[in-house]
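Report on the structure given below.
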Amino acid sequence: MKEGTLFVISAPSGAGKSTLCRELLRKVSRLKLSVSYTTRPPRKGEVNDVHYTFAGEKKFMNMIHKGEFAEWAKVHGNFYGTSLRRLKKISKEGYDILLDIDVQGAGQLRKTCRSAVYIFILPPSLKILKQRLADRKTEDEETISMRLERAKDEIAGHKDYDYVIINDKLERAYRELESIIIAERARTKRLDPERIKGLMQK
Ligand code: ADP
Ligand code: 5GP
């Protein structure tokens, strides 16, 4: 069986990545999110092993040393990482994989995983980004300022991605994102040769 395609999505915090990814996972078949490990404490409503696997720094460091991450990075003062074992498991089950990771992590993957599809979500403006972060009410003012400062550097990284989506109107941005997944799946190089072989019989 062919390996699943990795769809890597990055965006500055507050751009709408989680909202768009949630919708994708609800509507697109054969697509699964790889749940990341993080040392960040859970936010209200976040469930262990669903939103993240919440781990202590000691366990996380141990996993780094054992080479258990496909990529990892320190983001906003906390560690985040993608488990290699989880990627292999999802792919083996016949799914494509959605990765919601930051620009540093995507940069690491780009070196080893050239067949992945890299998608960047941009906010319509920094002003709107600030507003969305404030309205979300999950971070205090100091954290929001830190995230906005970092957003400028992250946005500069968009040039290394295959696709850029501006999340102005949610519905329009979603349609664009879904179209990318559908079109990438139809690429000749991603077709399963076994399927074509079966199609030619009889
Ligand atoms: P991220 O995962 O990139 O940090 P979220 O998906 O949590 O961002 O979105 C940040 C906030 O902005 C949320 O409150 C979300 O409901 C809102 N939001 C997302 N996309 C849009 C949009 N296109 N228009 C208006 N609000 C949006
Ligand atoms: P949050 O704490 O808001 O959920 O996520 C903060 C940032 O960490 C987001 O940009 C998110 O994409 C990124 N992130 C989440 N999981 C991973 C991961 O496994 N690896 C990397 N490099 N970044 C991640």
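The values are calculated or read from the model by the stated rules, or taken from the named source; none is laboratory data. Please read all numbers here as calculations on a predicted model, not as lab measurements. Here the Cβ positions follow ideal geometry from the backbone for every residue, glycine too, while neighbour counts run over all protein chains shown. Each accessible area value is taken on the protein alone, full model and side chains, heavy atoms only, with ligands, DNA and RNA left out. Shrake-Rupley method; radii C 1.70, N 1.55, O 1.52, S 1.80 Å.
In segment 6-201, if the dipole is taken from +1 on Lys/Arg beta carbons and -1 on Asp/Glu beta carbons about the Cα centre, which of 116, 76, 8 is farthest to the positive end?
The listed residue farthest towards the positive side: 116.
Rounded, prolate or oblate: pick one for segment 1-51, where a ≥ b ≥ c are the square roots of the eigenvalues of its C-alpha gyration tensor, a/c under 1.5 means rounded, and failing that, prolate if a/b is larger than b/c, else oblate. Walk me through the numbers before you get to the answer.
Values: a/c = 1.82, a/b = 1.49, b/c = 1.23.
Judged from the Cα gyration tensor, segment 1-51 comes out prolate (a/c at least 1.5, a/b above b/c).
Distance cut-off 22 Å, Cα to Cα: go down the list 88/189; 58/89; 66/89; 17/58; 32/58; 32/159 and report the pairs above it. If you can, show how the numbers build up before the last one.
Numbers: 88/189 20 Å; 58/89 25 Å; 66/89 18 Å; 17/58 29 Å; 32/58 28 Å; 32/159 26 Å.
Where the Cα-Cα span goes over 22 Å, the pairs concerned are 58/89; 17/58; 32/58; 32/159.
Taking the alpha-carbon centroid of each part, what is the distance from segment 89-118 to segment 186-202 in angstrom?
23
Helix-only estimate, please: 222 nm mean residue ellipticity of the chain, summing -39500 (n - 2.57) across DSSP H runs of length 4 or more and dividing by its residues, to the nearest 500.
Working: 8 runs with 90 residues, N = 202.
Mean residue ellipticity at 222 nm (helix-derived): -13500 deg cm²/dmol.
Suppose every Lys and Arg Cβ carries +1 and every Asp and Glu Cβ carries -1, with no other charges. What dipole size does the chain come out with about its Cα centre, to the nearest 20 debye?
Details: 41 positive and 28 negative charges, 153 e Å.
Using only the charged Cβ atoms, the result is roughly 740 debye.
Let's see if you can work this out: charge +1 on each Lys and Arg Cβ, -1 on each Asp and Glu Cβ, no other charges. What is the dipole magnitude of segment 92-202 about its Cα centre, in debye to the nearest 20? Don't skip to the end; give the middle numbers.
Values: 23 positive and 21 negative charges, 137 e Å.
The dipole of segment 92-202 has a size of about 660 debye.
For an R0 of 30 angstrom, estimate the FRET efficiency from the Cβ-Cβ distance between residue 156 and residue 47 and round to the nearest 0.05. Working shown, then result.
On the way: r = 34 Å, r/R0 = 1.12.
Using R0 = 30 Å, I get an efficiency of 0.35.
Output wanted: per-residue J couplings in Hz (rounded whole) for segment 179-187, from phi through Karplus 6.51 cos²θ - 1.76 cosθ + 1.60, θ = phi - 60°, x for Gly and Pro.
Coupling constants for segment 179-187: 4, 5, 4, 5, 5, 5, 5, 8, 4 Hz.
State the percentage of accessible surface on segment 129-168 attributable to carbon and sulfur atoms; use a 1.4 Å probe and exclude ligands, DNA and RNA.
On the way: 1280 of 2670 Å².
Looking at segment 129-168 in its full context, I get 48 percent from C and S.
Net charge near residue 183, counting Lys/Arg +1 and Asp/Glu -1 over other residues with Cβ under 14 Å of its Cβ? Each step should come with its number before you reach the end.
On the way: positive: 175, 185, 187, 189, 190; negative: 96, 162, 176, 178, 184.
That sum, taken over residues with Cβ under 14 Å, equals 0.
Quick one: grab the alpha carbon gyration tensor of segment 85-202, order the square roots of its eigenvalues as a ≥ b ≥ c, and give me rounded if a/c is under 1.5, else prolate or oblate depending on whether a/b is larger than b/c. It would help to have the intermediate numbers written out before the result.
Details: a/c = 2.60, a/b = 2.11, b/c = 1.23.
Here segment 85-202 falls in the prolate category.
Using a simple charge model, +1 on the beta-carbon of Lys and Arg, -1 on the beta-carbon of Asp and Glu, nothing else, what dipole does segment 139-191 show about its Cα centre, in debye to the nearest 20?
On the way: 11 positive and 14 negative charges, 135 e Å.
It works out to roughly 640 debye.
Top mean-square fluctuation among 187, 147, 132, Gaussian network model of the chain, C-alpha springs under 10 Å?
Fluctuation is largest for 187.
Tell me the net charge near residue 9. Cut-off is 9 Å between Cβ atoms, residue 9 excluded, with +1 for each Lys or Arg and -1 for each Asp or Glu. Before the final figure, lay out each step's value.
Details: positive: 17; negative: 100.
Here the count lands on 0.
What do you get for the angle between helix 126-136 and the principal long axis of the chain? Use alpha-carbon atoms, 0 to 90 degrees, nearest ten.
In the chain, helix 126-136 runs at an angle near 90 degrees to the longest axis.
Calculate I(q)/I(0) for the chain by the Debye formula, one identical point scatterer on each C-alpha and no solvent, and give its log10 at q = 0.11, 0.15 Å⁻¹ to two decimals.
-0.53, -0.98
Let me know the shape class of segment 23-119, please: from the alpha-carbon gyration tensor, a ≥ b ≥ c as square roots of the eigenvalues, rounded when a/c is under 1.5, otherwise prolate if a/b is greater than b/c, or oblate.
Oblate is the answer for segment 23-119, as a/c is 1.5 or above yet b/c matches or exceeds a/b.
Could you provide, to the nearest whole Å², the per residue accessible area of the chain with probe 1.4 Å? Spell out each step's value before the answer.
Working: 12090 Å² over 202 residues.
Heavy-atom SASA per residue in the chain reads 60 Å².
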